[in-house]
Every structure is written in structure tokens, then in C-alpha cells.
């Protein structure tokens, strides 16, 4: 009996060590991906000032550049991941980001920076669906949701940490080189190291098993997929199309809302910096309860909380109320994004999961380009409450569609 217990304990330790290794490497890569995306708003501010003095047209292209690249990167990487494996494509996406970010750090002008940011966007579109697919297939079913949200929550630190590094280096400009170039280059090094470490990850056994089954019975597998994938894809694409109006457009315009409400620029920057920690807190809090409710209920709950905090922010009467409600909104919206991604990834069969999730995610990236373009003139012409109305409609539609959808696969093995 002692020998048996010792053997079981040894296997548990090995399994725990393997899981920890997977979580650390995936989290590290995700942090640099989110950090690179988070630098977008800072680059917009920097390029609008001397000596760059970007034109309004250049500013628009710079704002959209990462999302334009993501529209291409997401479906392409998903298709390749279903053919050649999750691990290889995750590593390739991170190494691509490293090369593109290094190029961006040396961009001689705004036009070149836009081109390099489009290249970065290929990875920024590819990596999130890949890593969620990989973790969904690799982690223990009973703890899958909690562990994925912990990875997402800790990874969300990547953006504020790089932004604080930018703020620290700005007055220094080591060796006469602009601070933003150092920070983008640092992100490139981090992505490169993460890509090298990703090569050491074990491949998804679920994907290997699905690939072997498809090789044995290709015609039967194809027939099964045509029935199993089409309905979840349309459902997922609809949810992903609605989410950016709340998770991209409104956070992007929150600084303009603060300024319209009379908050000084210094205080606005401070409130935004504090609110940038909302995704970390929100996702980790959601991790505490995610295994106790159906995935669909988690999506509805986080969307409803996002809806409530939007109007709490828009109707706030004091700066303290504005700051607290903005933090709560970022907390809720980040949790919604993470839960929604996990909910969608678990709906598809393993053999087609990366392709389907990534294709649906590309719809999200397209809408992420258009949502700010639509919401900005609404805010400027009709005010914050009109913007809140647009967000409310999008979130209400998302909730209604989810109510009519499947419960999800919380705690179940996925094939």
C-alpha cells in the first residue's frame, strides 16, 4: 500500500509540475502580447506630438493598424494550428511578434511604424485564440476555467507594467534614444524569449488524438464536423462581433469622457492608470467562482455587470465616483472578455477548435476597427449618454443571444 501511495504521489507531483510549467510559459507569452497591444494608446499620444506630428489620417491608421493585422493573423494561425499543432503556432506567433516589434522600435517615421504595427497585429490576432485553445485541451477539466482565468488575469499585468516602464524612461531617454523605442524593443525581447520557451511545451494530447482519429476515418470526421461546427460558429461570431463595442470602443473613449466631464488631464491619466489594473482584479475574482456556474451564466453575469458600471460611470457626479466606476467597468469588461473566449473555445471539437475560434475572433477584430470609428463621432456630437446607449444595446443583444445558446462545457472533458 505504501508503494502504491508513493507512486500516486509521484505522478501527482509530476502532473502538477507539468501544469505549472504550461501555465507559466503561456502566461508569459500572453503578458507580452497584451503589453504590446496596450502600448497602442501610448504610441498614439507620442506620435501626435513633436517631433513626429502625425496627421489625423496617420493617427487613424496607427490606431487601426494592430487590428488590421489581427484580421489576417487570427484565421490563418487557427487553420495552421489545426493542421500542424498548437505548440508550434504559439511559438511562431511569439517569434513573429518579437521580429515585428524589433522592427517597430527602429521605425524612422510614422508610416513605417504603422506598417510594423500591422505586422505586430498578425501575432496579436493569432495568439489569444491559440493559447485559449491549447489551455482548454491541456488543463484538467475540473480546474480548466479557474486556471485559464488566473493566467489571463496575471497576464493582464503586461500592459500596465510596460506603460509604467515607458513613463519611467520618458524623461531619461537613455543614450538619446526615445523612451518608446526602448519599451517596444524590451517587449520584442520578452516575446522572443517566450517564443523560445513555448517550443519546450508539450503538444496538446487532445489535438494529437483528434488528428490520429481524423487520419483513420477522414470522410466520417469531415461529415461530423460539418454538422458540429456550423451552428457554434455563427453563434460565436455573433457574440464576438458585439463584444468590442463594450470592451474596445468604450474603454478607448473613456479618457475623452473624463475630459468632457471637466476632469483635468493629469487626473485623467492617473485614473486611467489605476483603471488599467481592473482587468487583473476582475479576471482573478472571476476565477474564484467560474467552476461553480455554467459558462453561459458567467457570460451573462459579466455582461450585466459591465452594463451597470457603464451607466454608473456616465452618471457619476464626482471625480471619486468617476474613478471608482471606471475601475469597476474595466474589471467587469475584462472578465467578460476572458469568460467569453473560454466559453466559445469549448464549444468546438478539438480537430477544428483553433480554426473555428480564430475565424470567429477575426470577426471581433474587424468590429474592433469599426466600433471606435462609429462611437467617436457619437460621443463628440451627442455626448456620453448617447455613447452609453450604443454600448447598452450591444451588451443587451449579447446577453439575449447567450440566453438562447448552449450552457457551455464547464468541468467537462472536451474532445
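A short reminder: the numbers here are calculations on the coordinates, not readings from a lab. Computed from a prediction, not measured in an experiment: that's the story for all the values here. Positions of Cβ are generated from backbone atoms using ideal geometry, with glycine treated the same way; all protein chains shown enter the neighbour counts.
General observations
- 0 to 90° range, to nearest 10: angle between helix 384-403 axis and the chain longest Cα axis: 10 degrees
- With the Kirkwood sum run over all distinct C-alpha pairs, the chain has a hydrodynamic radius of 21.9 Å.
- Rg/Rh for segment 50-116, where both radii come from Cα atoms and Rh is the Kirkwood radius: 1.09
- In this simple spin-label model, placing a label point 7 Å from the Cα along the Cα-to-Cβ direction at both residue 285 and residue 83 gives a separation of 4.4 nm.
- Seen against the Cα atoms of the chain and their longest principal axis, helix 205-216 is set at about 60 degrees.
- Tilt relative to the chain, helix 265-275 - C-alpha long axis, 0 to 90 degrees, to 10: 10 degrees
- Per-residue [θ]222 nm for the chain (sum of -39500 (n - 2.57) over DSSP H runs n ≥ 4, rounded to 500): -28000 deg cm²/dmol
- Descending semi-axes in Å of segment 299-415, equivalent ellipsoid built from Cα gyration tensor: 30, 17, 12
- Derived from the Cα gyration tensor, the three semi-axes of the equivalent ellipsoid of segment 18-200 are 30, 17, 13 Å, largest first.
- Short-range pairs are left out: with C-alpha atoms under 8 Å and at least six residues apart, the relative contact order of segment 113-221 is 25 percent.
- Fully extended contour minus Cα-Cα distance, from residue 308 to residue 172, at 0.36 nm per residue: 44.8 nm
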